Amino acid sequence: MASGVMVSDVVIAIFNAMKVRKSCTPEEAKKRRKAVIFCLSPDKKTIIPEEGKEILVGDVGGKIPDPYKHFVEMLPRDDCRYALYDCTYETKESKKEDLVFVFWAPDEAPLKSKMIYASSKDAIKKKFTGIKHEMQANNTADIKDRCTLAEKLGGNTVTSLEGRPL
């Protein structure tokens, strides 16, 4: 059942910017988002970017040595979220970059929150056209292991994730 929750134009703009990987200069590339977490607005009517919950490409390696670990740590332990993660990985044949849509619904989240996030998931997914990979996680064990994400990206053909061997 649809919840009637709207997706803010800012969320759509962030998705479109993450989807298009053409960057003219190295400086512009550093400002690209590696990961963004989205939440419901305080009135529970709109999906918005969560304040301060993003990783920029320019922060990876310096301030953030392991972007995937940092991304997992940004997810709240007691409430639901949606997220986009721009994953860099290698298969036996090539190096790849794909956007992954993550639906985070931890067991500790209130039932009402789980219900509204679950019923609003289609609204945000419809706006994210072209997403090839989706992942749902209900506890940190589901998401903290890189192998779980690698499985979603290509199973046993994935040899490394974010430059770290599996």
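General remarks:
- Given charges at Cβ of Lys, Arg, Asp, Glu: segment 17-166 dipole, positive-most of T129, P65, P26: T129
- For the chain, the dipole from Cβ point charges (+1 on Lys and Arg, -1 on Asp and Glu) about the Cα centre works out to 400 debye, to the nearest 20.
- Our helix-only sum for the chain, with -39,500 (n - 2.57) per DSSP H run of n ≥ 4 divided by its residues, gives a mean residue ellipticity at 222 nm of -9500 deg cm²/dmol.
- Taken over the C-alpha atoms, segment 8-87 has Rg and Dmax values of 13.1, 40 angstrom.
- Rounded to 5, percent antiparallel among DSSP beta bridges of the chain: 75
- Reach of K63 by Cα under 25 Å, taken over lysines that are not fewer than 8 positions away in the same chain: K19, K22, K30, K31, K34, K53, K95, K96, K144
- 5 Å-binned pair-distance histogram of segment 78-152 (Cα, whole percent): 3, 14, 25, 22, 18, 11, 4, 2, 1
Since every read-out is calculated from the coordinates, none of them should be taken as a lab result. On a predicted model such as this, the values are computed, not experimentally measured, just so you know. In this analysis, Cβ positions are derived from the backbone assuming ideal geometry, glycine residues included, and neighbour counts consider all displayed protein chains.
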